[in-house]
Structure formats: structure tokens, C-alpha cells
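Engineer: The structure under discussion is supplied below as C-alpha cells; questions concerning it will follow.
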There are 2 protein chains.
Amino acid sequence: MFVILVYDINTKRVAKALKVCRQYLDWVQNSVFEGEISTGKLECLKSDLEHVIKKEDDSVLIFEFDSTKYYKKEIIGKEKSELSIIL
Amino acid sequence: MFVILVYDINTKRVAKALKVCRQYLDWVQNSVFEGEISTGKLECLKSDLEHVIKKEDDSVLIFEFDSTKYYKKEIIGKEKSELSIIL
């Protein structure tokens, strides 16, 4: 399936969450990731993230699609570099 | 078409951007919106947002899908209230 993942994670834990997400998905921008992933791998990703985040403070939103890809992706404004997440 | 919109906007301008996005899409969580929208309305949304954001500081990411809906939406961790965006 194809997924879009968006997280909102405290800066203390965001570097670890970024590392986990990058193991499974492609980084798009800031806190947004996308990619083709199997059901099994997606379960691993969720499990890994649950070990990194604090459930009472952080949140991760995952959209799962049957279709393999979005039609179009567009950015208005600044295309932020990955470094801005970590720094 | 169906769209998912994620913004990263300076707190000075985020309330205005939220108001614009809510006119066209459904608010999901934090800076994430979704919804069915026509091509014409999407152009209006983009134009309205371009009047609100500062292109050198803010960014808006829009995924456009041919399909009408995602398969599944899942939240890990905290389901944040809308108020947390504005306050």
C-alpha cells in the first residue's frame, strides 16, 4: 500500500522519530513522509515509533491508500531542508 | 479529487491559514487537512493561502489524489484538539 505519515513530536524525540521513519519511508518535507510499504513493514514502523514517542505528548497520523501513488504533489512557499527538522 | 494538505506556517500567520483551509477542507489534526475538492476550488484555496503566507518562511504541501478517499486513517499517540493550533 501507499502511505503518507505526518508526525507532531516534541523536539527532544524528533531526531529519533525521523531516523525510524526514514528506515521505512521517503522523507518529503519537515514532518511529512511518504512511500510504498507492505502491511507487515507498516506494523514494524508503528511498533518502532511507539517505542520512540511519548503517547501523552506526541502524535503520528498515518493515511493508508490502496492506490499506489498520489496524482500530484505540490508545494507552496518554502521547500524546507531536512536539517531544519533536526536543528 | 481528494487532497491532503499539510502546512508549516509561522505562529503569527497560522490562525489566518487555518481559517482559509477550513473554508475548503476538513481539519484533521494540528496542521493537517483533508477533503474532496474540485479543481477550481483548489485553485481558489491556493490563491487564498498565497495571500496569507510568507513564501520565504512558510510552506504548504498538497497531495492530490484521483481516488476519492484513503483506505484508512490511523493516529498513534495523542489526538490533539484544534485549540492547540491556535493557542
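Laboratory data are not the source of any read-out in this text; all were calculated from the coordinates shown. No experiment lies behind these values; they were computed from the predicted model shown. When we count neighbours, we look across all protein chains shown, and the Cβ atoms used for this are built from the backbone with ideal geometry, even at glycine.
Engineer: Please identify the longest segment of chain A free of exposed GluC sites (Glu not before Pro), where exposed means a DSSP state other than H, G, I, E or B and no more than 14 other Cβ atoms within 10 Å. Don't skip to the end; give the middle numbers.
Structural biologist: On the way: sites that count: A:GLU56, A:GLU79, A:GLU82.
Between the exposed loop sites, the longest stretch runs A:1-55.
Engineer: Same structure, new question: Every other copy gets compared here: list the nm distances from the B:SER38 label point (7 Å along Cα to Cβ) to its counterparts, shortest first, one decimal.
Structural biologist: Ordered by distance, the counterparts are at 4.4 nm.
Engineer: In deg cm²/dmol, rounded to 500, what helix-only [θ] at 222 nm does the protein assembly as shown give when every DSSP H run of at least 4 residues adds -39500 (n - 2.57) and the total is split over its residues?
Structural biologist: Values: 6 runs with 64 residues, N = 174.
Helix contribution divided over all residues of the protein assembly as shown: -11000 deg cm²/dmol.
Engineer: Along each principal axis of its Cα atoms, how long is region B:7-69 end to end? Whole angstroms, biggest number first, please.
Structural biologist: The Cα atoms of region B:7-69 stretch 34, 23, 18 Å along their principal axes.
Engineer: Placing the label point 7 Å from Cα along the Cα-to-Cβ direction, what are the distances from B:GLN23 to the equivalent spots in the other copies, shortest first, in nm to one decimal?
Structural biologist: Inter-copy label distances (nm, one decimal, shortest first): 4.5.
Engineer: Please identify, among A:LEU42, A:LEU18, A:LEU61, the residue showing maximal mean-square fluctuation in a Gaussian network model of chain A using a 10 angstrom Cα cutoff.
Structural biologist: Comparing A:LEU42, A:LEU18, A:LEU61 in the GNM, the peak value goes to A:LEU61.
Engineer: Distance from a point 7 Å along Cα→Cβ of A:ILE75 to each backbone N in region B:8-22: keep the residues under 17 Å and list them by number.
Structural biologist: Zone members listed by number: B:8-10.
Engineer: To one decimal in nm, how far is B:GLU74 from the same spot in the other copies, if labels go 7 Å from Cα toward Cβ? Please give the shortest first.
Structural biologist: Once sorted, the set of distances for B:GLU74 reads 3.1 nm.
Engineer: Please sort by residue number the trypsin sites (Lys or Arg not before Pro) in region A:1-62 whose DSSP state is loop and whose Cβ has at most 16 other Cβ atoms within 10 Å.
Structural biologist: Passing sites in region A:1-62 are A:LYS54, A:LYS55.
Engineer: Hey, what did chain A get for relative contact order, percent, Cα under 8 Å, at least 6 apart?
Structural biologist: Details: 110 pairs, mean separation 39.8, N = 87.
It comes to 46 percent, rounded to a whole number.
Engineer: How far apart, in nm, are two points set 7 Å out from the Cα along the Cα-to-Cβ line at B:TRP27 and at A:LYS46?
Structural biologist: 2.7
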